[in-house]
Amino acid sequence: MGVCLTGTALAQSPASVVPLNPAAAAAGPACPALLQHNFLRLQDEKPQALCQYSGKVVLVVNTASFCGFTHQYLGLEALHAKYKDRGLVVLGFPSNDFSQETGSNKEIADFCENTFNVKFPMFVKSSVSGRTANPLFKQLASNTGTTPRWNFYKYLISRDGLKVSAFNSSVEPENPRFVKDLETLLSAK
């Protein structure tokens, strides 16, 4: 079960997180607690409410530009393209927690677009593990009992935000077991 963080808790978080917009929270109970956060978009650093993804199956991934798993951007983008019309959204969170994302937000955005043609939503670099993890990753860790142990760790969230599955970095986006779990969530209404 997720913990809903208030705007006060978010205000004390890193710069990559912006305080929860009261209007977004007031949008109704349809927004699961896991999505009641605002983050800055990677490309322009404008605040984005994750509540805009309410009712979708959400795949949250911590990413890095200089990792042995960086090629997974291709598979993540393929999933995004294939399943977006069925309700999937992939959310990328660059992180330097494992010392493989040292660039600026602009450099990361350029790399993702120019090297892998990433179109799914990406957010500014933030921490995804430990005490300094951003609030979403703290909730994901709390819900699953596991934190990212490396880059390209994946969390698959059901449409209602109540079911969260964790997949380690070596599970490729096209892995049959992963795709089966994803399609099961997409089929649920």
Exercise. In contact with a helix residue (DSSP H, G or I) (Cβ under 9 Å, 6 or more places away or on another chain), farther than 24 Å from Cys31 by Cα and of a type in the set (D, E, K, R) - does that describe any residue in region 158-176?
Worked result: yes
Exercise. Any residue in region 65-76 that is β-branched (Val, Ile, Thr), at pLDDT 95 or above and not in a strand (DSSP E or B)?
Worked result: yes
For this session: Run down Gly130, Gly161 and say which single residue is buried (at least 17 other Cβ atoms within 10 Å of the Cβ) and on the phi > 0 side of the Ramachandran plot.
Result: Gly161
For this session: Could you please find all residues in region 60-69 being within 19 Å of Val89 (Cα to Cα) and of a type in the set (Ser, Thr, Tyr)?
Result: Thr63
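Looking at Phe123, Phe93, Phe137, Phe152, can you tell me which residue is at pLDDT 95 or above, surrounded by 23 or more Cβ atoms within 10 Å (Cβ to Cβ) and on the phi > 0 side of the Ramachandran plot? Spell out how you get there, then give the answer.
Values: Phe123 fails: on the phi > 0 side of the Ramachandran plot; Phe93 fails: on the phi > 0 side of the Ramachandran plot; Phe137 fails: on the phi > 0 side of the Ramachandran plot.
Result: Phe152 is the single residue among Phe123, Phe93, Phe137, Phe152 that is at pLDDT 95 or above, surrounded by 23 or more Cβ atoms within 10 Å (Cβ to Cβ) and on the phi > 0 side of the Ramachandran plot.
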Problem set entry | Long-range neighbours under 7 Å by Cβ, at least six apart or interchain, first residue among the aromatic types (Phe, Trp, Tyr) within region 116-133, second part of a loop (DSSP other than H, G, I, E, B) and surrounded by fewer than 19 Cβ atoms within 10 Å (Cβ to Cβ) | none
For this session: Run Asn151 past the list (1) within 16 Å of the chain's Cα centre (by Cα); (2) in a helix (DSSP H, G or I) and report the number of the one that doesn't hold.
Result: (2)
Seminar exercise, completed: Taking region 166-189 and keeping residues among the small types (Gly, Ala, Ser) and surrounded by fewer than 17 Cβ atoms within 10 Å (Cβ to Cβ) leaves Ser170, Ser187, Ala188
For this session: For region 87-99, state whether one or more residues are assigned to a helix (DSSP H, G or I), aromatic (Phe, Trp, Tyr) and over 14 Å from the mean Cα position of the chain (by Cα).
Result: no
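The values are calculated or read from the model by the stated rules, or taken from the named source; none is laboratory data. Keep in mind it's a predicted model, so treat the numbers as computed, not measured. Note: ideal-geometry Cβ built from the backbone for every residue, glycine included; neighbour counts use all protein chains shown.
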